[in-house]
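Notes to accompany the following structure.
The values are calculated or read from the model by the stated rules, or taken from the named source; none is laboratory data. Note that the structure is a prediction, hence the values are computed from the model and not measured. Cβ: placed from backbone, ideal geometry, glycine included. Neighbour counts: every protein chain shown. Protein only, heavy atoms only, side chains kept; ligands, DNA and RNA dropped before computing areas. Shrake-Rupley method; radii C 1.70, N 1.55, O 1.52, S 1.80 Å.
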Protein chains: 2
Amino acid sequence: SGFRHVALFRWVEGTTVSQQEEVAARLSRLPGRIPQIRSYSLGTNAGVTPGGYDFAVVADFADRADYLVYRDHPDHRAVLDEVIKPLIGERAAIQYDL
Amino acid sequence: SGFRHVALFRWVEGTTVSQQEEVAARLSRLPGRIPQIRSYSLGTNAGVTPGGYDFAVVADFADRADYLVYRDHPDHRAVLDEVIKPLIGERAAIQYDL
């Protein structure tokens, strides 16, 4: 049981490695600040299959209420607004019951 | 450690519940046929956050070689060709090292 949030991102042309590292660094601090996060997995495209997105977040929660705490948490919103949104070319997301 | 494959789908307009159930049913048989699948999670959008995709597959493997066995396995390709591809409106995917 549980509740999963998945978000995939394709970065805009010209996004640098440094900017991508900043995204991962900022997001990786969230589990220490948002105790509702049960598990948090960040990934960069391994380059095995063509056409894939650039970056993935897979976050697991006890239930949808805990996901909503994460979604709307000010520390999460700050990372989105300050470092992620300016780099988004495409974004695909889903939430589902585990 | 390990290697993760994530695929999100948005179905074409007019896709029925029965067609979606057929996708999930066919995919759910793959772990019994492809032993390289370490864990396999299928999910339908919970309807909590607007704009999400309709369906998710999160598949974990020991390494990228095992993922490639899955990707190219004839039983997997048959599900893709016979029931998934005709329903795809949008697809987003990534593979990354765990």
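Please verify whether region B:1-9 includes one or more residues that are at pLDDT below 95, open to solvent by 70 Å² or more (accessible area, probe 1.4 Å) and within 23 Å of A:Tyr40 (Cβ to Cβ).
Here is the first cut: in region B:1-9, the residues at pLDDT below 95 are B:1.
Retained after the next criterion (residues that are open to solvent by 70 Å² or more (accessible area, probe 1.4 Å)): B:1.
Restricting the remaining residues to those that are within 23 Å of A:Tyr40 (Cβ to Cβ) gives B:1.
Looking for residues that are at pLDDT below 95, open to solvent by 70 Å² or more (accessible area, probe 1.4 Å) and within 23 Å of A:Tyr40 (Cβ to Cβ), one finds at least one in region B:1-9, hence yes.
Selection of region B:62-98 for residues being open to solvent by 80 Å² or more (accessible area, probe 1.4 Å), in a helix (DSSP H, G or I) and either of a type in the set (Ser, Thr, Tyr) or within 12 Å of chain A (Cβ to nearest Cβ) (or both) yields B:Arg64, B:Asp72.
Between B:Arg77, B:Arg71, B:Arg38, which is among the basic types (Lys, Arg) and touching a residue at least 60 places away in the same chain (Cβ under 8 Å)?
B:Arg71
Within region B:28-40, can one find any residue that is away from every other protein chain (no Cβ under 11 Å), part of a helix (DSSP H, G or I), under 12 Å from the mean Cα position of the chain (by Cα) and within 22 Å of A:His5 (Cβ to Cβ)? Among the residues of region B:28-40, at least one is away from every other protein chain (no Cβ under 11 Å), part of a helix (DSSP H, G or I), under 12 Å from the mean Cα position of the chain (by Cα) and within 22 Å of A:His5 (Cβ to Cβ), which makes the answer yes. Across region B:41-56, which residue is farthest from B:Gly89 (Cα to Cα) among those that are touching a Phe, Trp or Tyr at 6+ places or on another chain (Cβ under 8 Å) and part of a loop (DSSP other than H, G, I, E, B)? In this case the residue turns out to be B:Val48. Does B:Ala24 satisfy being buried (at least 19 other Cβ atoms within 10 Å of the Cβ) and touching a residue at least 12 places away in the same chain (Cβ under 8 Å)? Taking the combined requirement at face value, the residue does not satisfy it.
Scan region A:43-61 for residues that are in contact (Cβ under 8 Å) with a residue 12 or more places away in the chain and open to solvent by less than 40 Å² (accessible area, probe 1.4 Å) and jot them down. Full working, then the answer.
Of the residues in region A:43-61, the ones in contact (Cβ under 8 Å) with a residue 12 or more places away in the chain are A:43-44, A:53-61.
Selection gives A:Gly43, A:Tyr53, A:Phe55, A:Ala56, A:Val57, A:Val58, A:Ala59, A:Asp60, A:Phe61.
Scanning region A:10-22 for residues that are under 14 Å from A:Val79 (Cα atoms) and either in contact with a Pro (Cβ under 7 Å, 6 or more places away or on another chain) or within 14 Å of another protein chain (Cβ to nearest Cβ) (or both) yields a total of 1.
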